[in-house]
Amino acid sequence: MPMPGNEIRHEDGAFFIDEGGRRIAELHYRLAQSTATIYHTWVDPALRGGGEARRLVDAAAQWARAGNLKLSPACSYVRALFARSRDFDDVRA
């Protein structure tokens with residue numbers, strides 16, 4: 001469960017979550033034309049399995065939908081998530 005105040009932020013090609021001034025999860029992408037290639041996700045080892053990475057991908061998907069963009073999964077986590085979930089079919093490149 002996300003802790004209160006751990007909102008997802010988005011800037012400079014990344015979605016991320018900070019806690020107490022320390023980054024605890026991040027997703028990085030490169031935007032080319034109308035496709036954002038997600039090339040890296042990371043979650044603090046103490047928080048892995050808690051849904052933070054999925055929250056970041058969900059935020060990226062919402063951003064893509066709002067901007068009429070597509071997401072290309074280059075990182076292994078996002079490739080696996082896209083393969084097992086139909087939630088992202090509308091934004092998958």
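Coordinate-derived values only; no laboratory data. Predicted model only: the values in this text are computed from it and were never measured. Every residue, glycine as well, gets a Cβ built from its backbone with ideal geometry; the counts of neighbours run over all protein chains shown.
Points worth noting:
- For Ile24, the shell of other residues with beta-carbons less than 10 Å away shows a net charge of -3, using +1 for Lys and Arg and -1 for Asp and Glu.
- The simple spin-label model puts a point 7 Å past each Cα toward its Cβ; for Lys70 and His10 those points are separated by 1.9 nm.
- Percentage, to the nearest whole number, of Cα pairs in the chain over 24 Å apart: 15
- Restricting attention to the chain, close to 80% of DSSP beta bridges with both partner residues there are antiparallel.
- Label-zone membership for segment 19-52, site Ala83, 7 angstrom Cα→C-beta point, backbone N under 17 Å: 38-41
- Seen against the Cα atoms of the chain and their longest principal axis, helix 52-66 is set at about 40 degrees.
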